[in-house]
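Let me begin by presenting the structure, written as structure tokens, before commenting on it.
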There are 2 protein chains.
Amino acid sequence: MPILIGADVGGSKTAVGVSEGGDVLVRVEGPGAAVRPGRSLASAGVIAEVVRRALAGIGRLSGDVLLVGAAGAGRDPERSELARALRGENVAPRVVVTTDIEVALAGAFETGPGIVVSAGTGSIAVGRDATGAHRRIGGYGWQMGDEGSGYAIGRAALGAVSRALDGRSPRTALRDRILWATRSPDFDSLVRWAASASPSELAGLAPHVLDVAAEGDPLAQGIGDYAARELSQLAICLLPLVEADPPIGVALTGGLLADDRPLRRSVLARLREESGLRPIDAPVDAVVGALRLAAASIRDP
Amino acid sequence: MPILIGADVGGSKTAVGVSEGGDVLVRVEGPGAAVRPGRSLASAGVIAEVVRRALAGIGRLSGDVLLVGAAGAGRDPERSELARALRGENVAPRVVVTTDIEVALAGAFETGPGIVVSAGTGSIAVGRDATGAHRRIGGYGWQMGDEGSGYAIGRAALGAVSRALDGRSPRTALRDRILWATRSPDFDSLVRWAASASPSELAGLAPHVLDVAAEGDPLAQGIGDYAARELSQLAICLLPLVEADPPIGVALTGGLLADDRPLRRSVLARLREESGLRPIDAPVDAVVGALRLAAASIRDP
């Protein structure tokens, strides 16, 4: 039986599984390795390192097929760069690269129709219809889109803190929490921090914002409500574009929508109000999805 | 009579004037030199170069006082770094650094009370009351604030273009104009451009957005209206904080609010609806303001 390797690669975590004959033999996690334009060698190095640790768990140096679903691999140049770099790592003679969303779809719905909403630093919804065709909404990056994403939540919180200072917004507990989270001794230091903070650093504020919301701060709650609305809208806007018999299943994935997060609960509640959708509360096993796609790549090469 | 040098330093333009005995003898313009944290040597080099060209106009190598009002010099560390770097340029024995807003206030209102709203890559409003005390609203940078700024307009346009692609927004003429302005052959190239474009590159889209608005595109008009509302709100929110007899004068400055720009007209129209404010339609001569502050720095050292 061929040895299949499946990898789900996000911005903050890389999860790898190895299977043989349908059984998952080992699972390993490592650091994030999301693809950025021109940086695919770095991503490939991290992914290969996690894959080697997984293979070591069954006493092997290589497998037969490596299927990688990576955040940031939505466009051809990044996808083929990453595939080339991974082939150079010699962990499998056959390497297939697709997106993190593809492996989530395969994990949630095997080959059937369905929608996956993903929210981490960025946000996107992808639907697959009964013929296998894909449609997507969102996912255009932190400066063009990513509505309701971790970046958008962090940015909204910074705006609320600065408007509160001016008296343009009510006082908010976000101020002290964000000063603390960014290790800023005062507001001026926060202004300097924000001027050069990366999208993922801003997204790192989102869990704090949602905590402050859970503690009852009205401005933070407003930001959380806005994010839940934007994320559920991604799936709702996709509905008329996905040709399949309703209700269409919707699965949630990404760090911002992980189990037991309040944001996950409010997105699910909003999705339940839409009769054409069937929200799925169970977590998505994207590593199993990657292994399913690896098996499919042997059947239909 | 002492020779005074006044400089108004923005992100895209540095304007310098030299005066003696109250007469402006020469005016020169050069490239922008807005201050960024840790980059004050580069700013000082550009400013000194423009100052030397101005001094050459009257056959001098140095003057007596250099007063610089620079964008980005709102906080102490940047201000003192820039002053130190400028002293090393030896164009005047006395160097004073303040903000571009201070020199605009002095240009528009001499020492009297008034409000200046400035919009370029960023946005801010600063008011000075009858006692000389200052209050500000906004100006916290592209990720924390800068509501209605060039950056905010460019960002809103990118969002409109991506939502139109998804069918979440109506079609908009912004799409073709922004593809053209960013030299993107297709939407995917625009997504890549936006992922790494700087705040000033995004702000560079604003004039295109306002052009498309003037040509009748409803989405672009919505973005222009939003910016006009945000910029006029900066002054309106400042009104109760500035202790002076109403109506308080409001002057507009910065590239986005230059003469004959439609955005300038709509901000003025909104400000006119506020009885406590007296909008001033004339352009602000910030170089004259810098020279006034240079003269005052001799009187009150």
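Derivation of every value follows stated rules applied to the coordinates shown; laboratory data play no part. For clarity, every value in this text was computed on a predicted model and none was experimentally measured. Counting neighbours? That spans all protein chains shown, and the Cβs are built from the backbone with ideal geometry, glycine included.
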Chain A: most fluctuating residue of A:V65, A:V242, A:V28 per GNM, C-alpha cutoff 10 Å: A:V28
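Relative contact order, percent, of segment A:3-92 when contacts are C-alpha pairs under 8 Å separated by at least 6 residues? Numbers along the way, then the final one.
Working: 178 pairs, mean separation 30.2, N = 90.
Dividing the mean separation by the residue count of segment A:3-92 yields 34 percent.
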Relative contact order [Cα under 8 Å, 6+ residues apart], segment B:111-282, whole percent: 29 percent
Calculated log₁₀ intensity ratio I(q)/I(0) where the Debye formula runs over C-alpha points of chain B, q = 0.08, 0.13, 0.14 Å⁻¹: -0.37, -0.91, -1.02
Rounded, prolate or oblate (a/c below 1.5 giving rounded, otherwise prolate when a/b exceeds b/c) for segment B:227-301 by Cα gyration tensor: oblate
Degrees, to the nearest 10: A:76-87 long Cα axis against longest axis of chain A: 50 degrees
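Let me confirm one metric for peptide A:189-197, namely the mean number of other chain beta-carbon atoms within 10 Å of its residues' beta-carbons.
5
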Listed residues B:S62, B:S198, B:S266, most fluctuating in chain B (Gaussian network, C-alpha, under 10 Å): B:S198
Rounded to 10°, Cα long-axis angle of helix B:286-299 versus longest principal axis of chain B: 30 degrees
Residue exposure sequence - B:S80, A:S12, A:S162 - by fewest surrounding Cβ within 10 Å: B:S80, A:S12, A:S162
Fraction of antiparallel bridges per DSSP, chain A only, in percent to nearest 5: 55 percent
Tilt relative to chain B, helix B:150-166 - C-alpha long axis, 0 to 90 degrees, to 10: 10 degrees
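What's the local net charge at B:T111, with K and R +1, D and E -1, over the other residues with C-beta under 14 Å away? Display every interim value, and only then the final one.
Values: positive: B:R128, B:R292, B:R299; negative: B:E102, B:E110, B:D129, B:D300.
Local charge sum for B:T111: -1.
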Label point at A:Y226 placed 7 Å out along Cα→Cβ; residues across segment B:154-170 whose backbone nitrogen lies under 17 Å: B:154-160
Per-copy distances of the B:R53 label point, shortest first, in nm (7 angstrom along Cα→Cβ): 5.7
Shape of segment A:111-282, Cα gyration tensor, a/c cut at 1.5: prolate
Label-point separation in nm, B:R36 to B:A258, each point 7 Å along Cα→Cβ: 2.2 nm
Percent of C-alpha pairs per 10 Å bin, the protein assembly as shown, short to long: 3, 15, 22, 23, 16, 11, 7, 3, 0, 0
Residue of B:D285, B:D188, B:D211 that the Gaussian network model of chain B assigns the largest fluctuation, springs spanning Cα pairs under 10 Å: B:D188
Global form of segment B:150-227, assessed from the alpha-carbon gyration tensor, a/c cut-off 1.5: oblate
Label distances, nm, B:P246 versus same residue in remaining copies, Cβ-directed 7 Å point: 5.1
Residue-averaged beta-carbon neighbours from other chains (10 angstrom radius) around B:163-170: 5
Packing-based exposure ordering (other Cβ within 10 Å, fewest first) of A:I248, A:I58, A:I5: A:I58, A:I248, A:I5
Label point distance in nm, A:S196-B:D188, each placed 7 Å from Cα along Cα→Cβ: 3.4 nm
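Taking the number of other C-beta atoms within 10 Å as the exposure measure, put A:H134, B:H208 in order starting with the fewest.
Working: A:H134 14, B:H208 19.
So the ranking, lowest neighbour count to highest, is A:H134, B:H208.
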Cα→Cβ-extended label distance, 7 Å offset, between B:A164 and A:W180, nm: 4.5 nm
At 7 Å out from Cα toward Cβ: B:G22 inter-copy label distances (nm, ascending): 9.8
Centroid-to-centroid separation of segment A:65-129 and segment B:98-139 [C-alpha atoms, Å]: 52 Å
Relative contact order (percent, whole number), chain A, Cα cutoff 8 Å, 6+ residue spacing: 20 percent
Average partner coverage of A:130-139, which counts Cβ from other chains inside 10 Å: 2
Structure-based [θ]222 nm, chain A - -39500 (n - 2.57) summed over DSSP H runs of at least 4, per residue, nearest 500: -14000 deg cm²/dmol
